[in-house]
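Engineer: Okay, handing you the structure first.
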Amino acid sequence: MEIDLNFKTLEWKENRLILLDQTKLPEKTDYIDCQNLTEVASAIKELKVRGAPAIGIAAAYGVVLGMRDIRHNKREEFQKHLTLVIETLKNTRPTAVNLFWALKRMERAAKRSFEKFPERTSRTLLDQALRIHQEDKDMCQKIGEYGAELLKDNFTVLTHCNAGALATGGIGTALGIIYTAWAQGKRIKVFVDETRPVLQGARLTTWELKQQGIPHTLICDNTAAWVMKKKDVDCVIVGADRVAKNLDLANKIGTYNLAVLAKYHNIPFFVAAPSSTLDGSIQSGEEIEIEQRSKAEVTLWWGKKTAPESTEVFSPAFDVTPKELVTSIITDKGIHKGKRID
Ligand code: MRU
């Protein structure tokens, strides 16, 4: 089922990476033009492009830009430069495994190409980045189809952060499921958590849902328990930044709260994630590095002071939801029924 989107989160065009600047939404639809590695790395760090799959795709194009003017013939020089490019991108955001997954693929492609056809390395890297982008689009489509089976007509869904088209190369994961069910003719209503501190729910998810014409209501994060009690929420669907082998998962801070609340209210808690978000190298959520965000995101709200200057702040960007609280994980391979991923 084809879902129409009238914006492009990321696009490779005329040898540049064009990004929809998500820090400007919903006020302005501004596109930025990344022409080099530094610009891509900064865009990821500053959340101009965000969401686990989109970060991975942007980083892949970042490698293309970082490597394109390299004319080294010597293996050591090539390797040195490649390491610098990969490390620069790795050091942007630590939690979403999609970033490391995409960089590993790009690094492998670069090394293989340099050994066999050094003069074609730039083209090989671009092909690999375009493939990563297209694969993500396809995985979103599949997640949408599998996940839509779980949504019945007249369902009310609660979601957190933005796991939509803005966070991926396709229609999104959690929102992709809602879009697909809606396109199948099911009447769906959505409660959107505003998602403090940087409001991905309020600024981005509502913006996307509005364009699809899907009825939605924005709530402050601290309203979720009351909405579950009073408003007949049928299920919660969120995305993920990293899923461990035992199915613990990291997602936007506040996801764990929702999972606990859903358990208490007996509401199914679904997680939507592409294969690129599954990290088979870690046993449990204990091993996930959680990004810490700046104090200013909490004490300065879009330029307005919301706490005294010297206030101490704890601002993790993500939390880890233990597997016991998750009803099912929906991936591009289906609705995961097992107890582990292998
Ligand atoms: O800090 P962000 O905005 O990059 O965090 C995004 C999320 O937590 C998403 O839920 C997750 O990346 C899944 S996106 C399909």
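Engineer: If we count GluC sites (Glu not before Pro) as exposed when they sit in a DSSP loop and have at most 14 other beta carbons within 10 Å, what is the longest stretch of the chain that avoids them all?
Structural biologist: Result, exposed sites excluded: 150-288.
Engineer: Add -39500 (n - 2.57) for each DSSP H run of 4 or more in the chain, then divide by its residues: what number comes out at 222 nm, to the nearest 500 deg cm²/dmol?
Structural biologist: -11500 deg cm²/dmol
Engineer: Given C-alpha coordinates of the chain, what is the ratio Rg to Rh with the Kirkwood estimate of Rh?
Structural biologist: Radius of gyration over Kirkwood radius for the chain works out to 0.98.
Engineer: Counting other Cβ atoms within 10 Å, keep those with at most 11, restrict to DSSP loop, and tell me which trypsin sites (Lys or Arg not before Pro) in the range 1-61 are left.
Structural biologist: Sparse-neighbourhood loop trypsin sites (Lys or Arg not before Pro): 28.
Engineer: Using amide H atoms built 1.01 Å from N in the peptide plane, name the residues 5+ places from residue 301, or on other chains, whose amide H lies under 5 Å from its own.
Structural biologist: Here the answer is 306, since their amide H atoms fall under 5 Å of that of residue 301.
Engineer: Using a Gaussian network model on the chain with a 10 Å cutoff between Cα atoms, which of 164, 254, 213 fluctuates the most?
Structural biologist: 213
Engineer: So what J values fall out for the range 328-336 if you push phi through Karplus, 6.51 cos²θ - 1.76 cosθ + 1.60 with θ = phi - 60°, rounded to Hz, Gly and Pro as x?
Structural biologist: Along the range 328-336, the couplings run 8, 10, 9, 10, 6, 9, x, 8, 6 Hz.
Engineer: Also: How far, in nm, would the chain grow between residue 281 and residue 225 when pulled straight, counting 0.36 nm per residue and subtracting the alpha carbon separation?
Structural biologist: Extending this stretch completely gives an extra 16.7 nm.
Engineer: Let me ask something else. Using modelled backbone amide H atoms (1.01 Å from N, in-plane), which distant-in-sequence or interchain residues come within less than 5 Å of residue 290's amide H?
Structural biologist: none
Engineer: Which parts of the range 51-66 would a label at residue 115 reach, counting a residue when its backbone N lies under 15 Å from a point 7 Å out along Cα-to-Cβ?
Structural biologist: Correct set: none at all.
Engineer: Would you mind working out the accessible area per residue for the chain, using a 1.4 Å probe, and quoting it in Å²?
Structural biologist: With all protein chains present, the chain gives 47 Å² per residue.
Engineer: Also, quick follow-up: Roughly what would the spin-label model give for residue 1 and residue 28, points 7 Å off Cα along C-beta, in nm?
Structural biologist: Rounded to a tenth, the inter-label distance reads 3.6 nm.
Engineer: Expressed as a rounded percentage, what relative contact order does the range 4-145 have, with Cα pairs under 8 Å and six or more residues apart?
Structural biologist: After rounding, I find 21 percent.
Engineer: Assuming R0 = 35 Å, can you tell me the calculated FRET efficiency for the pair residue 184 and residue 13, based on Cβ-Cβ distance, to the nearest 0.05?
Structural biologist: Computed FRET efficiency for residue 184 and residue 13 comes out at 0.60.
Engineer: Can you send over the solvent-accessible area of residue 9, 1.4 Å probe, protein chains only, in Å² to the nearest 10?
Structural biologist: Around 10 Å² of this residue is reachable by solvent.
Engineer: How long is the gain from residue 300 to residue 234 if the chain were fully straight, where each residue apart is worth 0.36 nm and the alpha carbon distance is subtracted?
Structural biologist: 20.2 nm
Engineer: Another question about this same structure. Of 8/295; 8/189; 186/231, which sit over 22 Å apart, Cα to Cα?
Structural biologist: Too far apart for the 22 Å limit: 8/295; 8/189.
Engineer: Another one. Quote the convex hull volume per residue of the range 54-210, based on C-alpha atoms, as a whole number of Å³.
Structural biologist: 114
Engineer: Using Cα pairs closer than 8 Å and at least 6 residues apart in sequence, work out the relative contact order for the range 183-230, in percent.
Structural biologist: 41
Engineer: Taking a ≥ b ≥ c as the square roots of the eigenvalues of the Cα gyration tensor of the range 145-336, is the shape rounded (a/c under 1.5), prolate (a/b larger than b/c) or oblate?
Structural biologist: Oblate shape, in that a/c is at least 1.5 and b/c is the bigger or equal ratio.
Engineer: Tell me the carbon and sulfur percent of the accessible area for the range 144-252, rounded to whole percent, probe radius 1.4 Å.
Structural biologist: The C+S portion of the solvent-accessible surface of the range 144-252 is 48 percent.
Engineer: Taking chymotrypsin sites (Phe, Trp or Tyr not before Pro) as exposed when DSSP calls them loop (any state but H, G, I, E, B) and at most 11 other Cβ atoms lie within 10 Å, what is the longest stretch of the chain free of them, the sites themselves excluded?
Structural biologist: Result, exposed sites excluded: 1-301.
Engineer: Give the average over all directions of the projected area of the C-alpha convex hull of the range 148-257, one decimal, in nm².
Structural biologist: 6.9
Engineer: 5 Å is the cut-off here: which amide hydrogens, built 1.01 Å from N in the peptide plane, fall below it relative to residue 30, excluding neighbours closer than 5 in sequence?
Structural biologist: Under 5 Å from the amide H of residue 30: 21.
Engineer: Let me ask another. Given the range 1-53, what whole percent of its Cα pairs are spread farther than 12 Å?
Structural biologist: For the range 1-53, the fraction of Cα-Cα distances above 12 Å is 66 percent.
Engineer: Computing the accessible area with a 1.4 Å probe over protein heavy atoms, can you report the carbon and sulfur percentage for the range 10-140?
Structural biologist: For the range 10-140, the apolar C and S fraction of the accessible surface comes to 47 percent.
Engineer: Separation of the range 226-242 and the range 284-342 by C-alpha centroid, Å?
Structural biologist: Using only Cα atoms, the two centres lie 16 Å from each other.
Engineer: Using each residue's phi in the range 189-197, evaluate 6.51 cos²θ - 1.76 cosθ + 1.60 at θ = phi - 60° and report the 3J(HN,Hα) Karplus result to the nearest Hz, with x for Gly and Pro.
Structural biologist: Ordered by residue, 3J(HN,Hα) equals 10, 10, 9, 10, 5, 5, 6, 5, x Hz.
Engineer: While we're here: Expressed as a rounded percentage, what relative contact order does the range 145-336 have, with Cα pairs under 8 Å and six or more residues apart?
Structural biologist: Reported as a whole number, the value is 22 percent.
The values are calculated or read from the model by the stated rules, or taken from the named source; none is laboratory data. All values reported here derive from a predicted model rather than from experimental measurement. Methodologically, a virtual Cβ is constructed for each residue, glycine included, from the backbone with ideal geometry; neighbour enumeration extends over all protein chains shown. To get the accessible areas, we keep the full protein, side chains included, count just its heavy atoms, and leave off ligands, DNA and RNA. Shrake-Rupley method; radii C 1.70, N 1.55, O 1.52, S 1.80 Å.
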